[in-house]
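Data block below; observations after.
The values are calculated or read from the model by the stated rules, or taken from the named source; none is laboratory data. All of these numbers come straight from a predicted model, not from anything done at the bench. Note that each Cβ is placed from the backbone with ideal geometry, even for glycine, and that neighbours are counted across all protein chains shown. Surface areas here come from the heavy atoms of the whole protein model, side chains and all, with no ligands, DNA or RNA. Shrake-Rupley method; radii C 1.70, N 1.55, O 1.52, S 1.80 Å.
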Amino acid sequence: MDKFRMIFQFFQSNQESFMNGICGIMALASTQMYSAFDFNCPCLPHYNMAYGLGILLVPPFILFLLGFVLNNNISMLAEEWRRPQGQRGKDPAVLRYMFCSMAQRAMIAPAVWVSVTLLDGKCITCAFCTAVPVETLGNASHPLLSQGEMQRVLARIPCKEIYSGQELIANEVAVRYLRCISQALGWCFVLLMTTLAFLVRSLRPCFSQAAFLKSRYWSHYIDIERKLFDETCAEHARSFAKVCIQQFFEGMSTDLVAAHCHLPRKTSEDAGEASKKLLGITDQGTMNMALKSWHRCKPPLHLHPPALPSGNGWAGEGQPPVHPSTPRRETAAYYSLV
């Protein structure tokens with residue numbers, strides 16, 4: 001249990017680790033889904049290829065979209081891409097980094113599905129059973145079958161219980177031939193994915209390490225800023241609701257006082273603390289205006305000290321700070337007449 005707790009805490013440490021854990025769980029789920037899937041080839045000339053290639057390609061596409069849906073950064077990416085320019089510019093490099101990061105994680109489960117499907121060989125056997133080279137593996141000079149009848153016989157190769165073309169080509173030979181081709185394609189696919197991942201991981205720091213660090217930093221900043229903004233809004237909503245409820249019950253207490261009910265005197269410490277957390281935003285319209293302002297013109301990413309008060313008011317932002325002049329040092333000389 002301690003190991004599982006440590007793994008769970010690692011997944012919750014940051015957004016990237018959490019998404020890596022989600023993608024790993026989806027990869028394991030894809031293998032379990034394929035093992036639990038009941039593969040039934042229709043064994044018909046015009047439907048075998050559609051069914052086999054559909055099982056090979058459609059579930060990976062669904063898993064790819066599901067990887068984007070489960071990624072919390074997809075809404076953050078869409079919001080950052082569609083928001084107005086405002087006071088903060090939008091960096092295309094950061095948006096590209098976020099999209100590529102999500103796409104790489106979302107591709108894990110589809111790649112596992114395609115690899116497992118090709119190594120198993122059922123989809124390729126069902127899709128391309130009518131393309132078996134009968135001239136090489138069987139008896140192509142069978143006098144009793146036309147071309148259409150031969151296609152119908154070959155289409156039943158995946159269905160061993162209804163296959164009736166042993167004189168044309170043995171069922172075991174055709175299945176073994178197609179499964180070998182499928183496994184070869186599967187290992188080539190695994191090798192290709194591994195090589196691409198190795199090249200991306202190893203060659204990227206050699207070319208754009210500084211740009212990569214910048215994009216990664218600001219993508220993390222956007223994520224943290226969004227979380228802090230949500231937490232601040234939730235805290236404000238809690239304080240707002242607390243003050244509203246207290247004012248409601250204070251108004252209702254007048255009826256109880258009129259009915260000669262003795263109410264305990266309540267201190268206003270809680271109400272004062274909740275009012276401080278409102279930060280001057282005490283009505284719905286002002287809060288809506290603040291939310292719209294945050295979306296339309298986010299503050300620029302430039303931290304500056306507060307302006308210093310001058311003689312005529314507050315000093316401007318662009319003015320340099322005025323340092324107090326150092327006091328002059330006065331010396332006195334005494335002369336004596338001898």
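The set of residues in segment 201-245 being open to solvent by less than 60 Å² (accessible area, probe 1.4 Å) and either closer than 22 Å to Met102 by Cα or touching a residue at least 60 places away in the same chain (Cβ under 8 Å) (or both) consists of Ser202, Ser208, Ala211, Phe212, Ser215, Ser219, Ile222, Asp223, Glu225, Phe229.
When Thr194 is tested against (1) modelled with pLDDT of 90 or more; (2) assigned to a loop (DSSP other than H, G, I, E, B); (3) among the β-branched types (Val, Ile, Thr), exactly one condition is not met: (2).
Mind checking which residues of segment 152-175 are in a helix (DSSP H, G or I) and either under 21 Å from Tyr51 (Cβ atoms) or of a type in the set (Val, Ile, Thr) (or both)?
Hits for segment 152-175 are Arg152, Val153, Leu154, Lys160, Glu161, Ile162, Asn171, Val173, Ala174, Val175.
Among the residues of segment 126-154, those identified as open to solvent by less than 50 Å² (accessible area, probe 1.4 Å) and either modelled with pLDDT of 90 or more or among the β-branched types (Val, Ile, Thr) (or both) are Cys126, Ala127, Cys129, Thr130, Val132, Val134, Val153. Residues in segment 51-88 that are free of Cβ contacts under 8 Å to residues at least 12 places away in the same chain, over 23 Å from Ser101 (Cα atoms) and assigned to a helix (DSSP H, G or I): Gly54 only.
On the stretch given as segment 20-50, residues that are within 21 Å of Leu119 (Cα to Cα), open to solvent by 30 Å² or more (accessible area, probe 1.4 Å) and among the aromatic types (Phe, Trp, Tyr) total 2. Residues in segment 51-67 that are open to solvent by less than 80 Å² (accessible area, probe 1.4 Å) and of a type in the set (Phe, Trp, Tyr): how many? Within segment 51-67, residues that are open to solvent by less than 80 Å² (accessible area, probe 1.4 Å) and of a type in the set (Phe, Trp, Tyr) number 2.
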